[in-house]
Each structure stands twice: as structure tokens, then as C-alpha cells.
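A short write-up of the structure that comes next.
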Amino acid sequence: MKKRFFRGTVAGLAAVCIFWLPANCFAEELTKYGMLPIYGMDIEDGVYPVRVLYGDEAAQEIQAELTVRDGEMEAEVTFSGTDFVRVFCGSAEEAWDADMSEYLEPETGENQSQICTLPVQALDKELSYAAFLDSANDWADIPLVFDASSLPAEALKLSLPDYDKIEAALTAYEENEDENEAKAEAQKPFDPVSVDMEDGEYSIQVDLFGGSGKAYVSSPALLTVRAGKAYARLEWSSENYDYMIVGGEKYLPVNEEGNSVFEIPIALMDSDMYVIADTTAMGAPHEVNYVLVFYSDTIGPKSQMPQEAAKRVLVIALIIIVGGGILSHYCKKRY
């Protein structure tokens, strides 16, 4: 009875794929996120086809026959290939120390296959088996998962969760994890950074990162120091930004025409400062995570700003025009 009990479950251990592999080659998890074990008491007595998952880089499938009786389970599996000398219920390391009576000898099936019958502790759980491979002269770990979702619906006494949806939700969350962290950072309150400068207006270089990469802010930006605290006036490359969230506070544009301009506190210098900017450029309003970096070693006089430089050019041009007009008038009058 004991020999028959162990004779068939591993019958599909895919010798064609594994007779040359070293121990512990099957490192990839075969179960899905959130998957819970299904035990014999959760399944109606009977004999059912069941899918078996195994593999390293990606789960592969073999078919087996599951027998359930009084809460106990065993499965007969057929593997292509004849490289298994013996099979053990446990790890390869444990197999080396086991008694010979604990080893199972696979039977040879049709078309150069091998058949093993193994005890199955639970479905939807990675179970530990090992095979001694003739070609490698070594034991190899062969974890298997018997897939409960492959059983006929009437075989199960309970309903299985949709693990594909659970896994998809987890994947989506992981893909957005950085974005979620950035949004959380933008919501953290802070006091404006202190600067050892007299109150007044200065210029400072600033870089913007994030979003689609198309948006930018004018640099250098206007740096205002009030009571020893730093604030920046940011001009965006678009007029479509209707608010910013900085330190958990919402800031509205300080201008009514042209590209959107905001005055915001600076949280820190020379490091990533997370902010959120809402844009209507995509039709519906859409909050976008951005990172600002203000560079303390670039702080200079306000005159370095492009707007101030443009004002100086305009003033000089006006002086030249007015001066030229006066000189021309004087010359005409004289001659």
C-alpha cells in the first residue's frame, strides 16, 4: 500500500527539462500573490485531473491525476524522460540524509516517460520534492504546485479568489509606488528653509524633473528672502497650470495672463523637493508629480534674472533712442 501510495504523483517531473539541472535550480516562485493553500477537507472525494506548475524562469505545466479520499490527497504525475533514478518527498538536502526506505522509484511509462505517485499536502502551495538525476549523479530540488483552479467547479467546497486580479492590482501598485511616494512627499508640511541673507530679492538657478519631460520652469527664478526664510517665484512653460501643492498647501497663480506663475516656499536647497502641479492641458485637470532642485551656490543678485536683463536692455535702448532724437534735433537746429 505504501509503495503504491508513493508510486505515481511525480510521474510528470519533466525529466526532459530537468535531468541536467543542479540542485535548487527552481528558485522562481510558482504561487501567485495572496494564494492560500487548499487542503483535502476543502475538496469532495473523487479523482480529478489537475494542472501541476513547475519551472525556474517561468512556470511550466504538466497534467496529473488527483485522488481525494477522506481529506487525504495523492496525485499521479507523468513526466517525459527517464532520468529520475528515485524521488523523495522533501528537499534535496534532506534526501541525502534520508533512509533508503523513504525513496520512491518511478515507474517507466509509455513513450520514454516516468510515472510517480506522490502525497499532496495541499493545493495552491509550493510543495517540496527532490529527484536523483542519473545524468547529474545528484539530487535536485523540484518544487511543485498543484493548481486548485484547474479542478472541476463541483470538486471544490469553497470559492477561489481571483488571484489574477489580485496580482494585477499588486503589479499596478508597485509600478506606481514611486509616484505614490512622490505624491506623499509633496503633501508633507514643512517650514521654509532658512538662509543667511538679508531680506530682499535675489536670483537662483532651479531645475525641474518629472512629468512627461516637456514642461520646464524659467531659470534662474526669483528668490525672495523674508524674515530669513526662502521663497521662489516660479514661471512655468505653459499657462495651463491652475494650482500647485507644496508641503500639503495649495497655491494659486499670482498672475492672470501669460504662463502660470506661482510663489511657493522652498523646503530645502541642493536636494529633491517634491511638488504637485495640476495641469488642464490634457482636457480634464490632471495632477502631475514633479521634483524641484534649487542650487544654493547659484544665488545671486536679482539683476541676473532674464526679466531684469530684458528691462536693462529696454532702458538702454530707450536711452539711445531718446538721446539720438535729442542729438538729431540739436544738430538740425544748429545747421
> Quick check, is Ala136 touching a residue at least 24 places away in the same chain (Cβ under 8 Å), assigned to a strand (DSSP E or B) and either open to solvent by less than 80 Å² (accessible area, probe 1.4 Å) or aromatic (Phe, Trp, Tyr) (or both)?
Replying inline: no
> Do you know which residues across the stretch 271-293 are closer than 11 Å to Gly210 by Cα and among the β-branched types (Val, Ile, Thr)?
Replying inline: Val275, Ile276, Val288, Val291
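Could you list, in sequence order, all residues of the stretch 114-132 that are over 21 Å from Leu30 (Cα atoms) and either surrounded by fewer than 19 Cβ atoms within 10 Å (Cβ to Cβ) or modelled with pLDDT of 90 or more (or both)?
Just the residues of the stretch 114-132 that are over 21 Å from Leu30 (Cα atoms), to begin with: 114-115, 132.
Matches in the stretch 114-132: Phe132 only.
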>> Just to be sure before I move on: is Gly71 in contact with an Asp or Glu (Cβ under 9 Å, 6 or more places away or on another chain) and either more than 20 Å from Val50 (Cβ to Cβ) or free of Cβ contacts under 8 Å to residues at least 60 places away in the same chain (or both) in the structure I sent?
In response: yes
>> I'm checking my understanding of the structure. Among residues of the stretch 264-277 that are surrounded by 13 or more Cβ atoms within 10 Å (Cβ to Cβ) and farther than 12 Å from Ala186 by Cβ, which one is farthest from the chain's Cα centre (by Cα)?
In response: Pro265
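Is it true that Ala95 is over 34 Å from the mean Cα position of the chain (by Cα), over 19 Å from Glu76 (Cβ atoms) and not β-branched (Val, Ile, Thr)? Break it down stepwise before answering.
Working: over 34 Å from the mean Cα position of the chain (by Cα): yes; over 19 Å from Glu76 (Cβ atoms): yes; not β-branched (Val, Ile, Thr): yes.
When the stated conditions are applied, Ala95 passes them.
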>> Here's a check for you: in the stretch 74-107, which residue that is in contact (Cβ under 8 Å) with a residue 40 or more places away in the chain and of a type in the set (A, V, I, L, M) is farthest from Pro37 (Cα to Cα)?
In response: Val85
> Looking at this structure, is Val261 open to solvent by 60 Å² or more (accessible area, probe 1.4 Å), within 23 Å of Gly300 (Cβ to Cβ) and of a type in the set (A, V, I, L, M)?
Replying inline: no
>> Need the failing condition index for Val254 against (1) within 15 Å of Leu208 (Cα to Cα); (2) over 31 Å from the mean Cα position of the chain (by Cα); (3) assigned to a loop (DSSP other than H, G, I, E, B), just the number.
In response: (1)
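Touching a helix residue (DSSP H, G or I) at 6+ places or on another chain (Cβ under 9 Å), surrounded by 15 or more Cβ atoms within 10 Å (Cβ to Cβ) and over 18 Å from Gln187 (Cβ atoms): is that true of Leu234 in this structure? First the steps, then the outcome.
Numbers: touching a helix residue (DSSP H, G or I) at 6+ places or on another chain (Cβ under 9 Å): no; surrounded by 15 or more Cβ atoms within 10 Å (Cβ to Cβ): yes; over 18 Å from Gln187 (Cβ atoms): yes.
Considered against the rule, which asks whether it is touching a helix residue (DSSP H, G or I) at 6+ places or on another chain (Cβ under 9 Å), surrounded by 15 or more Cβ atoms within 10 Å (Cβ to Cβ) and over 18 Å from Gln187 (Cβ atoms), Leu234 comes out as no.
The values are calculated or read from the model by the stated rules, or taken from the named source; none is laboratory data. Source: prediction; values computed, not measured. Here Cβ is always computed from backbone atoms with ideal geometry, including for glycine, and neighbour counts include all displayed protein chains. In case anyone asks, the SASA skips ligands and DNA or RNA and just uses the protein heavy atoms, side chains included. Shrake-Rupley method; radii C 1.70, N 1.55, O 1.52, S 1.80 Å.
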